[in-house]
Amino acid sequence: MYCVAIEDIKDAAIRIEGIAHRTPVLTSTSINQKAKRNLFFKVEAMQKTGSFKFRGALNAVKSVVSEQPDDEIMFVSHSSGNHAQALALAAKLSSQKATIVMPNNTPSVKKAAVADFGASIVIVENTNEAREDKATEIVNESGGVFVHPSEDPRVIAGQGTVCLEFLEQMGDIKLDVVIIPVGGGGLAAGNVMTLRSLQPGIKIILAEPSALDDAYRSFKEKTLLKHADDNKLESVADGLKTTLGPNTWPIIRDKVDSIFTVSEKEILQATKLIWERLKVMIEPSAGVGVAVALSEEFAHTYGNAHNVGIVLCGGNVDVVKIAAKMDQYAIDD
């Protein structure tokens, strides 16, 4: 028994309709030629707050508000990035309050975005323990509702609406493979449930940086593993640094076909390719899925796949910083 079912995801789609964007599916002839197959990009970089995270946060907030329509609710979470902005905006749009626990190394631009959406920010040391302890303390003191960035079933169901839309938008074109970036696993788990329910024979691949390969190692060993030392791991795709948990792991363990990892060079090249050819400013975490689709390992394993869907999960990127890293790599034509 899993924490979400397709019925939860369909309910989430109704709940967030008209508020969350129905993001576009884009293609590029030049990228298709490079990949030697048809790639279809579901552009969650164009979602409100710049990532898929808004879907899950909005579904969680609206679910709670519908159950407590007369209450003033404080929504609480810990996040240094996309979930923080998503929950802050979701609470604001529902006329509720939010408090986000953020580590002391969070870039000022991210803190400013959260504050602009009306949320309160509490700064703590940059450790998972510090973040979790402070969030628990705030919930206990305020009587608030905690919304985990990836483990909350309401969040997972909301994220699953990405591929619900994706399949609808494809119409008569049948996808052979869908590639989804994986970090904490909320996006992956929700959309795995959608795809397995609506198109059971589809191949589902998760994409992960080689430097942050906890999901790959867990899948290979068939047991849930963590990073050896979270604070010493670095990747340009820092949005995927979080790890799987007890709700996301069983779905991924049982229903995913493959998990591929790609190097920092491959991630930056793929991100640059999307910037230049698709004209969409994705973040490197979204570039991970593109890098997998362009890799020799993917071509060897899924060479017969003609139509490949890729979820471009977000677009919150420090353009100057990432562009400087890109300069050392050329796009291979």
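Look through the range 142-161, keep the residues that are in contact with a strand residue (DSSP E or B) (Cβ under 6 Å, 6 or more places away or on another chain) and modelled with pLDDT of 95 or more, and return whichever of them is surrounded by the most Cβ atoms within 10 Å (Cβ to Cβ). Please lay out each step first, then the result.
Restricting attention to the range 142-161, the residues satisfying the condition of being in contact with a strand residue (DSSP E or B) (Cβ under 6 Å, 6 or more places away or on another chain) are 142, 144-147.
If we keep only those that are modelled with pLDDT of 95 or more as well, we get 144-147.
Values: Gly144: 19, Val145: 23, Phe146: 17, Val147: 28.
Filtering the range 142-161 for residues that are in contact with a strand residue (DSSP E or B) (Cβ under 6 Å, 6 or more places away or on another chain) and modelled with pLDDT of 95 or more, the one surrounded by the most Cβ atoms within 10 Å (Cβ to Cβ) comes out as Val147.
Run down Gln96, Gln47 and say which single residue is outside the structural domain of Ala270 (by the TED database), modelled with pLDDT of 95 or more and crowded, with 17+ Cβ neighbours inside 10 Å. Let's see the steps before the verdict.
Numbers: Gln47 fails: outside the structural domain of Ala270 (by the TED database).
Among Gln96, Gln47, only Gln96 is outside the structural domain of Ala270 (by the TED database), modelled with pLDDT of 95 or more and crowded, with 17+ Cβ neighbours inside 10 Å.
Have a look at Ala130, Ala135 and point out the one that is farther than 27 Å from Gly289 by Cα and buried (at least 22 other Cβ atoms within 10 Å of the Cβ). Break it down into steps so the answer makes sense when it comes.
On the way: Ala130 fails: buried (at least 22 other Cβ atoms within 10 Å of the Cβ).
From the options Ala130, Ala135, the qualifying one is Ala135.
Look through the range 28-39, keep the residues that are within 25 Å of the chain's Cα centre (by Cα) and within 20 Å of Gly303 (Cβ to Cβ), and return whichever of them is surrounded by the fewest Cβ atoms within 10 Å (Cβ to Cβ).
As a first pass, look at the range 28-39 and keep what is within 25 Å of the chain's Cα centre (by Cα): 28, 31-32, 35, 37-39.
From the residues that got through so far, the ones that are within 20 Å of Gly303 (Cβ to Cβ) too are 31-32, 35, 37-39.
Values: Ile31: 23, Asn32: 14, Ala35: 19, Arg37: 20, Asn38: 17, Leu39: 22.
The selected residue is Asn32.
Is there a residue in the range 233-245 that is of a type in the set (Ser, Thr, Tyr), out of contact with any Lys or Arg (no Cβ under 6 Å at 6 or more places or on another chain), in contact (Cβ under 8 Å) with a residue 60 or more places away in the chain and open to solvent by 40 Å² or more (accessible area, probe 1.4 Å)? I'd like the intermediate steps shown before the answer.
Step one: of the range 233-245, the residues of a type in the set (Ser, Thr, Tyr) are 235, 242-243.
Pick out the ones that are also out of contact with any Lys or Arg (no Cβ under 6 Å at 6 or more places or on another chain) and you get 235, 242.
Next, only the ones that are in contact (Cβ under 8 Å) with a residue 60 or more places away in the chain stay: 242.
Now narrow it down to the ones that are open to solvent by 40 Å² or more (accessible area, probe 1.4 Å): 242.
Yes, the range 233-245 contains a residue that is of a type in the set (Ser, Thr, Tyr), out of contact with any Lys or Arg (no Cβ under 6 Å at 6 or more places or on another chain), in contact (Cβ under 8 Å) with a residue 60 or more places away in the chain and open to solvent by 40 Å² or more (accessible area, probe 1.4 Å).
Just the residues that are modelled with pLDDT of 95 or more, in contact with a helix residue (DSSP H, G or I) (Cβ under 8 Å, 6 or more places away or on another chain) and in a helix (DSSP H, G or I), please, taken from the range 217-248.
The answer is Ser218, Phe219, Thr248.
Name the residue that is surrounded by the fewest Cβ atoms within 10 Å (Cβ to Cβ), counting only residues in the range 50-70 that are closer than 16 Å to Val147 by Cα, among the small types (Gly, Ala, Ser) and under 18 Å from the mean Cα position of the chain (by Cα).
We begin by selecting, within the range 50-70, every residue closer than 16 Å to Val147 by Cα; these are 52-68.
When the remaining residues are screened for being among the small types (Gly, Ala, Ser), the result is 56-57, 60, 63, 66.
Checking which are under 18 Å from the mean Cα position of the chain (by Cα) leaves us with 56-57, 60.
Numbers: Gly56: 35, Ala57: 35, Ala60: 29.
Per the stated criteria, the residue is Ala60.
Do you know which residues across the range 34-59 are of a type in the set (Ser, Thr, Tyr) and assigned to a helix (DSSP H, G or I)?
The one that is of a type in the set (Ser, Thr, Tyr) and assigned to a helix (DSSP H, G or I): Thr49.
Kindly provide the set of residues from the range 274-327 that are surrounded by fewer than 15 Cβ atoms within 10 Å (Cβ to Cβ), outside any helix (DSSP H, G or I) and touching a residue at least 60 places away in the same chain (Cβ under 8 Å), ordered by number.
Asn304, His306, Asp318
If you take the residues in the range 190-228 that are open to solvent by less than 60 Å² (accessible area, probe 1.4 Å) and among the small types (Gly, Ala, Ser), which one is farthest from Leu268 (Cα to Cα)?
Step by step, filter the range 190-228, then rank; the result is Ser197.
The values are calculated or read from the model by the stated rules, or taken from the named source; none is laboratory data. Since this is a predicted model, take the numbers as computed values, not measurements. Cβ coordinates were reconstructed from backbone atoms using ideal geometry, including for glycine residues, and neighbour counts include every protein chain displayed. These area figures cover heavy atoms from the full protein model, side chains too; ligands, DNA and RNA do not enter into them. Shrake-Rupley method; radii C 1.70, N 1.55, O 1.52, S 1.80 Å.
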